[in-house]
Amino acid sequence: MKQTRGLRWGLAAAAMAPAWAWAADTDWTAAPHRWQLNMGQGATSTARIAYESHMIVFGICVAIGIIVFGAMAYAMFKFRKSKGAVAAQFTHNTKAEIVWTTIPVLILIGLAWPATHNLIRMYDTRNAEMTVKVTGYQWMWKYEYLGEGVEYTSRLARRSDDLRQSGGIIRADQDPNYLLEVDHPLVLPVGTKVRFVVTADDVIHAWWVPALGWKQDAIPGIVNEAWASVDQPGIYRGQCAELCGKDHGFMPVVVKAVPKEQFAQWLAAEKAKNAPPAPAAEPAAAPAPTQPEQPAATAATTPAPAPTPAG
Ligand SMILES: [Cu+2]
């Protein structure tokens, strides 16, 4: 009997192996974990104040629960029929009604006060150090670093896309970040107040990274605002949170938070990439004084036309 139980546990552990592999392989910072019961603490001050508000309300609810159910249990036990208790016959008691109306009102005011204060803090996008415009498309995100001339789209990573279209059952060890990985993550500096302006180009999407502590609707024709200052470098994952069409489940969000200096280097490199087609590794075209009017991409694939020395 003992042996079979041991075997059963062994099999269960073996069945869970991919799950542990998932937990070990993923680089996801502040990720939810198996059997997590409480909400996550997140990675920004917004997430933290949401968590703290949640814990305060939770504590108050537990206290109320203990008092109410404790009083009920006490009354049922102490004044039970077998002990000869006789029910009182009164129906109304003004004093009791005032008390049980006033106390909940005071509790609600006590909760609304800090909650309102926190909401105001969460929506205050003033004094941001940089702005990122997020645009939702069916089914990808576009990120623009406003004023920097850097923009790119972020789509489901090829590996996840191939796996999902394979038609097979996907095991966790095949892709630890299955459907939560993109080709180009949104790169942000840590410790920097970043303002987001969020919109969409086709249908309503919602940009959501739980660790940032908020989600914001992306609505065509409307610009919504939000902000985040990520505390720690890491990879933070999220998803589109508004049913936006058949591939709604395949447009994840990945934020890569890096130290400020690293971000500055990355941004400089991106700017260089987006810069107008300077002598971008085109040895043949080097001496040409005037570039033909062609986009950089075509210029790179087709060899430069016969050098016409315009001298
Ligand atoms: Cu969407």
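A Förster radius of 30 Å, combined with the Cβ-Cβ distance separating Arg34 from Val223, puts the computed FRET efficiency at roughly 0.20. Ignoring lysines fewer than eight residues from Lys260 along the same chain, the ones with Cα atoms less than 30 angstrom from its Cα are Lys133, Lys142, Lys193, Lys215, Lys271, Lys273. For region 130-274, the residue among Ile235, Pro252, Gly168 whose Cα projects farthest onto the positive side of the dipole built from Cβ charges is Ile235. When only alpha carbons are used to place a centre, region 79-124 and region 183-211 end up 41 Å from one another. Counting beta carbons within 10 Å around each of His33, His248, His92 and listing the fewest first gives the order His92, His33, His248. In summary, the lysines within cross-link reach of Lys95, defined as a Cα separation below 30 angstrom excluding same-chain residues under 8 places away, comprise Lys78, Lys81, Lys83.
Readers should treat all values here as calculations from the given coordinates under stated rules, not as data from a laboratory. These numbers were taken from a predicted model, which means no experiment stands behind them. Positions of Cβ are generated from backbone atoms using ideal geometry, with glycine treated the same way; all protein chains shown enter the neighbour counts.
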